[in-house]
Amino acid sequence: MKKNNIPLSAVLFDVDGTLAETERDGHRPAFNAAFKEFELDWHWDTELYGKLLKITGGKERIRYYIEKYAPDILSKRDLSNWIAELHKTKTKYFVDLLAKGNIPLRPGIARLIHELRENEIKIGIATTTTLENVTSLLKYTLGEESISWFDVIGAGDIVAQKKPAPDIYYWTLKELGLPPQQCIAIEDSENGLQSSYAAGIKTIITISEYTYSQNFNGAAMVLTDLGEPGKLPSIISGDIANLNNRWIDVSTLMTLLALNDRQTL
């Protein structure tokens, strides 16, 4: 397969499910704690939450749940503000879980971030979760100073449409001043892949507990995680026999970006 000489200028990370397994053991119990504080009889178990994850954005997820499972709430006065307050309370509980060290980074994340910094490759975040969730996760896993390691953090409601729309990636690319051809995205979900792919960014998928059965057509590679030396990931799709390592490092990313076909290796 032909290669090109496009440089790897930036790696763009999703957050929930990509940097850490935040959904099942972080956001879900935080939502339930917020529901209890608001004296709601709602409970999102792991199966239901998996279904709700098809809706990106916490406030959007709450509204969808109301429309489908609790329509009587739709008549509540100032519903949008009420949802925003409920979501704000949920964020408080999520940050508390992070502060207790209950949500570690996924394999290979810290290693790759350090390697990118050593190689002076820009690092960005493109997510639908709130900025507070992002900075708290970074602070409690990589240290307070790690927030400054990221050249751009695209989070929350800064764009009108959330994933699977490509808006957050367009915004992040604009802030970096880079074309999509010089970047690689790392995602964990079908919605995330649709977003990055539509923005023209070659994408690696590291499946998470809630996304392993989703459709990842268009991903350059699909793996269980980024891997570590001595603890290799399982490769689900993508022939990487010609790469230096079977874990994802800077060399792997550069080789991946050099391939002309962005759908397969």
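The values are calculated or read from the model by the stated rules, or taken from the named source; none is laboratory data. These numbers were taken from a predicted model, which means no experiment stands behind them. We place every Cβ from the backbone using ideal geometry, glycine too, and count neighbours over all the protein chains shown. These accessible areas exclude ligands, DNA and RNA; they are computed on the full protein's heavy atoms, side chains included. Shrake-Rupley method; radii C 1.70, N 1.55, O 1.52, S 1.80 Å.
Miscellaneous remarks
- For segment 162-196, residues that are within 16 Å of the chain's Cα centre (by Cα), polar (S, T, N, Q) and open to solvent by 10 Å² or more (accessible area, probe 1.4 Å) total 3.
- Some residue of segment 200-216 being surrounded by fewer than 22 Cβ atoms within 10 Å (Cβ to Cβ), aliphatic (A, V, I, L, M) and either in contact with a Pro (Cβ under 7 Å, 6 or more places away or on another chain) or over 24 Å from Asp25 (Cα atoms) (or both): no
- Yes/no for Ile62 being surrounded by 18 or more Cβ atoms within 10 Å (Cβ to Cβ) and of a type in the set (Val, Ile, Thr): yes
- Each residue in segment 1-32 was checked for being in a loop (DSSP other than H, G, I, E, B) and either within 23 Å of the chain's Cα centre (by Cα) or at pLDDT 95 or above (or both), and 8 pass.
- Whichever residue in segment 33-59 is among the acidic types (Asp, Glu) and at pLDDT 95 or above and, among such residues, is most open to solvent (accessible area, probe 1.4 Å): Glu39
- Residues in segment 65-111 that are of a type in the set (Ser, Thr, Tyr) and exposed (fewer than 13 other Cβ atoms within 10 Å of the Cβ) were compared, and the one that is farthest from Leu253 (Cα to Cα) is Ser75.
- Cβ-Cβ contacts under 9 Å between residues 6 or more apart (or on different chains), taken from a first residue in segment 155-172 that is farther than 17 Å from Glu187 by Cβ and modelled with pLDDT under 95 to a second residue that is assigned to a loop (DSSP other than H, G, I, E, B) and not polar (S, T, N, Q), are listed as Gly156/Gly57; Asp157/Gly57.
- Restricting segment 118-133 to residues that are surrounded by 14 or more Cβ atoms within 10 Å (Cβ to Cβ) and part of a helix (DSSP H, G or I) leaves a set whose member that is modelled with the highest pLDDT is Leu131.
- Filtered by the rule that a residue be in contact (Cβ under 8 Å) with a residue 12 or more places away in the chain, more than 18 Å from Thr252 (Cα to Cα) and not β-branched (Val, Ile, Thr), segment 199-216 gives Ala199, Gly200, Ser208, Glu209, Tyr210, Gln214, Asn215, Phe216.
- Some residue of segment 82-103 being in contact (Cβ under 8 Å) with a residue 40 or more places away in the chain and in contact with a strand residue (DSSP E or B) (Cβ under 8 Å, 6 or more places away or on another chain): yes
- Those residues of segment 225-250 which are modelled with pLDDT of 90 or more and open to solvent by less than 40 Å² (accessible area, probe 1.4 Å), in sequence order: Asp225, Leu226, Gly227, Pro233, Ile248, Asp249, Val250
- Verdict on Lys54 being within 17 Å of Thr128 (Cβ to Cβ) and either outside any helix (DSSP H, G or I) or not charged (D, E, K, R) (or both): yes
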